[in-house]
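The structure under discussion appears below in the form of structure tokens.
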Amino acid sequence: MTRRKVVEIDEKQCNGCGECIPNCQEGALQIIDGKARLVSDRYCDGLGDCLGVCPQDAIRIVEREADPFDEEAVQEHLEQGQAQNSPPAREGSFGGCPGAAALELNREKSSGEAAEVAPCDTAPSALTQWPVQLHLVPAGAPYFDNADLLLAADCVPFAYAGFHEHLLAGRKVLIGCPKLDDGEFYRDKLADILQNNTIRSLTVAHMEVPCCHGLLAIARSAVEKSGADLTVNVKEVSIHGEVSDDASHGVE
């Protein structure tokens, strides 16, 4: 080991938004248990490309005893990540972020014929309020009183065909993106909704990609800030349209 500069993350400050991930060209940072973490000293060159993008100011460079930076290990690490998230990120993408990997999902039948699409009138919408975007909903809207609340990443309804029937039905919904939107604003807005209304339950539905786990961190932080006595139920949706309880975080 040698004394050198490496990244340090303040876990209390980090909200798991994932903004730092695509800015680390070596793949040294990952979202684990809802927080950004340095996965190995060997992958961090200490140059700080991830600095300045964290909205929580949770990242800094410190000088300490650490394993030497290993370019060969970084290359192997990146190649493994690309293999797991094929195809690899191209120029102009989000710097190799697993959640931004371009994938084409095959919805065809095994016979090769295109799957039939059910007429829209056979599956009525379960949406019972408007607007749905967290930026736009009024915190004091009457439909929030005594409501079961669904906080969903905005990709979820596109990936999960049963969104209306199995997630939205019977709930009021809030939609947002923890990667591209203002996580602090979302936390404060959700906290206002929880504090000023009688919310019976809160379910968070996010995609399986790492950056999307930040939505859960936002929800938990909002519950804590509001003082609401709520259990956060968690559903994870895969990019192939499967839904399950989020095993990486657990359902509280």
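The values are calculated or read from the model by the stated rules, or taken from the named source; none is laboratory data. From a predicted model like this one, the values you see are computed outputs, not experimental measurements. All Cβ positions, even for glycine, are placed from backbone atoms using ideal geometry, and neighbour counts span all protein chains on display.
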- Query: Does A73 meet the test of being within 26 Å of the chain's Cα centre (by Cα) and either at pLDDT below 90 or in the same structural domain as C44 (by TED's automatic domain parsing) (or both)?
  - Reply: no
- Taking V117, is it exposed (fewer than 15 other Cβ atoms within 10 Å of the Cβ), at pLDDT 80 or above and more than 26 Å from the chain's Cα centre (by Cα)? no
- Task: Kindly check whether there is at least one residue in segment 221-243 that is closer than 14 Å to C17 by Cβ, touching a residue at least 60 places away in the same chain (Cβ under 8 Å) and within 16 Å of the chain's Cα centre (by Cα).
- Result: yes
- Filtering segment 136-163 down to residues that are more than 18 Å from R220 (Cα to Cα) and either touching a helix residue (DSSP H, G or I) at 6+ places or on another chain (Cβ under 8 Å) or not assigned by TED's automatic domain parsing to the domain that holds Q195 (or both) yields V137, G140, F144, C155, V156, P157, Y160, F163
- Message: So, N23, is that one touching a helix residue (DSSP H, G or I) at 6+ places or on another chain (Cβ under 7 Å), in contact (Cβ under 8 Å) with a residue 40 or more places away in the chain, among the polar types (S, T, N, Q) and not assigned by TED's automatic domain parsing to the domain that holds I239 or not?
- Response: no
- Task: Check whether at least one residue in segment 46-59 is buried (at least 19 other Cβ atoms within 10 Å of the Cβ) and more than 21 Å from the chain's Cα centre (by Cα), and report yes or no.
- Result: no
